[in-house]
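FYI, it's all coordinate maths here, none of it is from the lab. Just so we're clear, the structure is a prediction, and the values are computed from it rather than from any experiment. Cβ atoms come from the backbone with ideal geometry, glycine included; neighbour counts cover every protein chain shown.
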Amino acid sequence: MSLNKNLDWFSRGVADLFPDNAETALTNKPLRIKLGIDPTGSEIHLGHSILFRKLRAFQDAGHTAVLIIGDFTARIGDPSGKSATRVQLSSDEVEANATTYLEQLGQGQDPSLSLLDFHTPNRLEVRRNSEWLTDLNLPKVIELLALSTVGQMLAKEEFANRYAGGTAISLHEFLYPLLQGYDSVAIKADLELGGTDQKFNVAMGRDLQRHFGMKPQFGLLMPILPGLDGVQKMSKSLGNTVGLKEDPLSMYSKLEKVPDGLVDQYITLLTNLELGALPSNPRERQMAMAL
């Protein structure tokens with residue numbers, strides 16, 4: 001397999017790449033690129049799309065994308081970025097959401113019209129982590145729990161804030177980073193993609209792979225996209241999103257109104273446009289981004 005040696009696509013928009021030798025080590029062979037998503041909702045917005053765009057870039061460069069549908073972990077709920085315990089979903093709710101996610105990502109569509117390439121052979125594996133987590137026996141769960149300490153868990157920002165503020169932390173939430181990390185063991189990931197709020201979880205995957213005698217994965221983290229208000233992260237609950245299922249005119253009308261300070265970040269993270277080739281006039285630049 002001939003890999004794309006132009007690494008502009010690799011570094012574009014990246015917030016963190018670890019450990020330090022990652023870029024050199026990742027250019028020599030086809031890799032298994034992990035991206036895990038928990039289908040806790042039914043819609044994908046532009047903030048979510050950043051990671052899928054990076055995963056697609058790896059596909060187009062000749063690597064294998066391993067998209068993990070967290071149908072098991074979604075029933076726990078990722079505590080990252082949350083100030084309270086997530087509501088646990090039923091398996092039917094999770095599966096319904098997963099189906100809509102895959103449709104929005106382009107399943108059954110021409111690769112030129114979709115976020116991910118579902119068509120080219122050996123470019124995509126779609127796995128559900130219930131494959132290996134449902135039948136995880138108690139001795140194995142205890143083995144996983146023994147690999148982390150309460151102190152390590154409380155060092156995670158969200159847990160630390162909740163503990164300091166007297167907000168309850170359920171014991172099952174401590175399992176989430178461990179189970180998510182075990183996904184990396186199960187699919188033999190070489191690199192894991194995540195948002196900057198996922199570094200703890202990605203590092204946990206490295207620790208677990210090392211424990212099970214595997215070469216630890218690298219971590220590549222992308223920024224959290226500010227929403228249309230330019231203040232808080234893009235989130236449906238905050239009403240500051242652009243959904244992938246929205247019609248083009250609605251998307252354009254929202255995007256041409258984002259604050260000027262966001263335009264270059266949106267261009268870098270959501271398009272393939274080159275900043276230097278765009279008009280310097282702020283209004284024209286914003287319209288080019290929106291279009």
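Long-range amide H contacts for residue 192: which residues qualify at under 5 Å (H placed 1.01 Å from N, peptide plane, sequence gap of 5 or more or a different chain)?
34, 218, 219, 220
So what is the calculated 222 nm ellipticity per residue for the chain, using -39500 (n - 2.57) for each DSSP H run with n of 4 or more, over all residues, to the nearest 500 deg cm²/dmol?
It comes out at -11500 deg cm²/dmol, rounded to the nearest 500.
Taking the number of other C-beta atoms within 10 Å as the exposure measure, put 35, 113 in order starting with the fewest.
113, 35
Give, in nm to one decimal, the length gained when the segment between residue 211 and residue 122 is fully stretched (0.36 nm per residue of separation minus the Cα-Cα distance).
Fully extending the segment from residue 211 to residue 122 adds 29.2 nm.
Which semi-axis lengths, in whole Å and largest first, follow from the square roots of five times the eigenvalues of the Cα gyration tensor of the range 105-152?
37, 14, 8
Quickly rank 90-103, 140-153, 191-204 as a protection proxy: mean count of other C-beta atoms within 10 Å, highest first.
The densest-packed peptide leads the list: 191-204, 90-103, 140-153.
If each of residue 280 and residue 253 carries a label point 7 Å out from its Cα toward its Cβ, how far apart are those two points in nm?
Label at residue 280, label at residue 253, 3.4 nm between them.
Report the Cα centroid-to-centroid distance between the range 140-185 and the range 44-69 in angstrom, as an integer.
The distance from the Cα centre of the range 140-185 to that of the range 44-69 comes to 27 Å.
Nothing charged except the Cβ atoms of Lys and Arg (+1) and of Asp and Glu (-1): what's the magnitude of the dipole of the range 8-245 about its Cα centre? Round to the nearest 20 debye.
So the dipole magnitude of the range 8-245 works out to roughly 320 debye.
Between rounded, prolate and oblate, where does the range 8-245 land on the alpha carbon gyration tensor, with a ≥ b ≥ c its root eigenvalues, rounded for a/c under 1.5, else prolate if a/b exceeds b/c?
Rounded shape, in that the Cα axes give a/c under 1.5.
Per residue of the range 217-228, in order, report the coupling 6.51 cos²θ - 1.76 cosθ + 1.60 (Karplus, θ = phi - 60°) as ³J(HN,Hα) in whole Hz, putting x for Gly and Pro.
Karplus-based 3J(HN,Hα) across the range 217-228 equals 5, 8, x, 10, 10, 10, x, 7, 6, x, x, 4 Hz.
Rank 281, 181, 108 by how far each Cα sits towards the positive end of the charge dipole of the chain (+1 on Lys, Arg Cβ; -1 on Asp, Glu Cβ) and give me just the farthest.
Farthest along the dipole direction, towards plus: 181.
Just subtract the alpha-carbon distance of residue 95 and residue 140 from 0.36 nm times their residue separation and send over the number in nm, one decimal.
13.6 nm
Calculate one ³J(HN,Hα) per residue across the range 264-273 by plugging θ = phi - 60° into the Karplus curve 6.51 cos²θ - 1.76 cosθ + 1.60, and present them in order as whole Hz with x for glycine and proline.
5, 5, 5, 4, 5, 8, 10, 9, 9, 5
Counting Lys and Arg as +1 and Asp and Glu as -1, what is the net charge of the other residues whose Cβ lies under 13 Å from the Cβ of residue 124?
Every neighbour counted, the sum reads +2.
Using 0.36 nm per residue, how much length does the chain from residue 172 to residue 42 gain when fully extended, once their Cα-Cα distance is taken away?
Answer, rounded to one decimal: 44.4 nm.
Output ³J(HN,Hα) for the range 43-53: one whole-Hz value per residue in order, computed from phi by the Karplus curve 6.51 cos²θ - 1.76 cosθ + 1.60 with θ = phi - 60°, and x for Gly and Pro.
10, 9, 10, 4, x, 5, 5, 4, 5, 5, 5
Net charge within 9 Å of residue 59 by Cβ-Cβ distance, Lys/Arg positive one each and Asp/Glu negative one each, not counting residue 59 itself?
For residues surrounding residue 59, the net value is 0.
Amide H of residue 128: which non-local residues (sequence gap of 5 or more, or other chain) have their own amide H closer than 5 Å, using H built in the peptide plane?
69
Once you place label points 7 Å from the Cα toward the Cβ at residue 154 and residue 20, how far apart are they in nm?
So the two model labels end up 3.2 nm from each other.
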